[in-house]
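Encoded as structure tokens, the structure appears first; notes follow it.
The values are calculated or read from the model by the stated rules, or taken from the named source; none is laboratory data. Computed from a prediction, not measured in an experiment: that's the story for all the values here. Methodologically, a virtual Cβ is constructed for each residue, glycine included, from the backbone with ideal geometry; neighbour enumeration extends over all protein chains shown. For accessibility, only protein heavy atoms count, side chains too; no ligands or nucleic acids. Shrake-Rupley method; radii C 1.70, N 1.55, O 1.52, S 1.80 Å.
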Amino acid sequence: EKGTYPHYMLKEIEEQPAVIRQIISHYQDKDGMIQFDQAIQKEIVEADRLYIIACGTSYHAGLIGKQLFEHVAHKPTEVHVASEFLYNMPLLSEKPLFIFISQSGETADSRGVLVKIKQLGYKAITITNVPGSTLSREADYTLHTHAGPEIAVASTKAYTAQMAVLALLSAQVATLNQFEIGFDPVQELSIVANAMESVIDKKEKIEEISRGILSISRNCFFIGRGIDYAVCLEGALKLKEISYIQAEGFAGGELKHGTIALIEKNTPVIALASQEHVNGSIRSNVKEVEARGANTCIISMEGLDRNDDRFVFPRVHKLLTPLAAIIPFQLIAYYAALHRGCDVDKPRNLAKSVTVE
Ligand code: F6R
């Protein structure tokens, strides 16, 4: 039930801090230590390469999963769009392990890959919000994202839940391998939950930004570098699917290699700046599009913020910034759709579970 909320999407956006806290408690044992099924841990430790397979928003969570597995657990990881992987399989490593990420657990494109890799004799873990779903039943192992039912077609809390589970899992694998990770994942995710809350508390400000930058535009660009680029892909997907504004996420440095030709007077460009090592360069990219007339808006993380930034979210661990940074993007999309009179929870042409290839 959506209760007093006008839309499921807004309700689900606002549930995110609670979902993160729930995930922590579901994966904590009675001594407060993070625990995953021993067999799952063993499979990951023994694999020489992880292959994450997913579609849409879950694929975007997979891109963050790669960063986590590689930077925290030192485990080489590839991320593939399921429908592409199926017909154009890359050369696999000697001991691959497959991780399927799917909110619904029913996505036909992902299932096609699962069936194929099972035939080849490989093991699979499904990270899903629906245990008992097809992808969960057919994989060797399931990890539950504990986000509660997601009703709005545009995925919000399932995405952040997937990333939270991936963060805990990568930290756990690092610990088993005795890698020094230098942070406490439980504590850092609790900081993330608080940061999410603080963004949600300022939703009126984001509504204003959304109205200001998107009221009459037909298109919009999201730019970021590194992990911010992956979040920009998700920000753009949210905006296009519910507001029908053509939106694209680009790597800040790649703009000048063609896409900048599309920038004209008042083209909205939303930039994300949450990564210290590229803070200067993403800001140069913003200057480049401003010089061509773009209507820009920088969303940054506390500590990296500068004077004209339109929205600043609280500081979180540098590998967990997507969980906080996506909240303003989800809200920008929500308000843009609302102002345009779109059916926020049930956008045209889309279904919650995509059970056809
Ligand atoms: C976007 C969205 C879709 C799904 C995609 C995969 O908001 O909902 O892109 O993420 O269809 O669905 P699942 O995660 O159920 O496999």
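In contact (Cβ under 8 Å) with a residue 40 or more places away in the chain, open to solvent by 10 Å² or more (accessible area, probe 1.4 Å) and away from the ligand (no atom under 15 Å from the Cβ): does that describe residue 123? If you could, list the steps in order and put the result at the bottom.
Working: in contact (Cβ under 8 Å) with a residue 40 or more places away in the chain: yes; open to solvent by 10 Å² or more (accessible area, probe 1.4 Å): yes; away from the ligand (no atom under 15 Å from the Cβ): yes.
Judged against the criteria, residue 123 is a match.
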Across (1) β-branched (Val, Ile, Thr); (2) over 17 Å from residue 206 (Cβ atoms); (3) over 19 Å from the mean Cα position of the chain (by Cα), residue 316 clears everything bar (3)
When every residue in the stretch 228-248 that is surrounded by fewer than 24 Cβ atoms within 10 Å (Cβ to Cβ) and without any contact (Cβ under 8 Å) to a residue 60 or more places away in the chain is compared, the one farthest from the ligand (Cβ to nearest atom) is 229
Exercise. Determine if the stretch 47-70 includes at least one residue that is on the phi < 0 side of the Ramachandran plot, out of contact with any Lys or Arg (no Cβ under 6 Å at 6 or more places or on another chain), of a type in the set (Asp, Glu) and in contact (Cβ under 8 Å) with a residue 12 or more places away in the chain.
Key: no
The lone condition residue 308 fails out of (1) crowded, with 16+ Cβ neighbours inside 10 Å; (2) without any contact (Cβ under 8 Å) to a residue 40 or more places away in the chain; (3) of a type in the set (D, E, K, R); (4) in a loop (DSSP other than H, G, I, E, B) is (1)
Scanning the stretch 71-104 residue by residue, those touching a residue at least 60 places away in the same chain (Cβ under 8 Å), within 10 Å of the ligand (Cβ to nearest atom) and either open to solvent by 20 Å² or more (accessible area, probe 1.4 Å) or not aliphatic (A, V, I, L, M) (or both) turn out to be 104
Within the stretch 192-219, the residues that are in a helix (DSSP H, G or I), open to solvent by less than 90 Å² (accessible area, probe 1.4 Å) and not small (Gly, Ala, Ser) are 192, 194, 196, 197, 199, 200, 203, 206, 207, 209, 213, 214
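What about residue 147, is it within 16 Å of the ligand (Cβ to nearest atom) and under 17 Å from residue 326 (Cβ atoms)?
Working: within 16 Å of the ligand (Cβ to nearest atom): yes; under 17 Å from residue 326 (Cβ atoms): yes.
Yes, satisfied.
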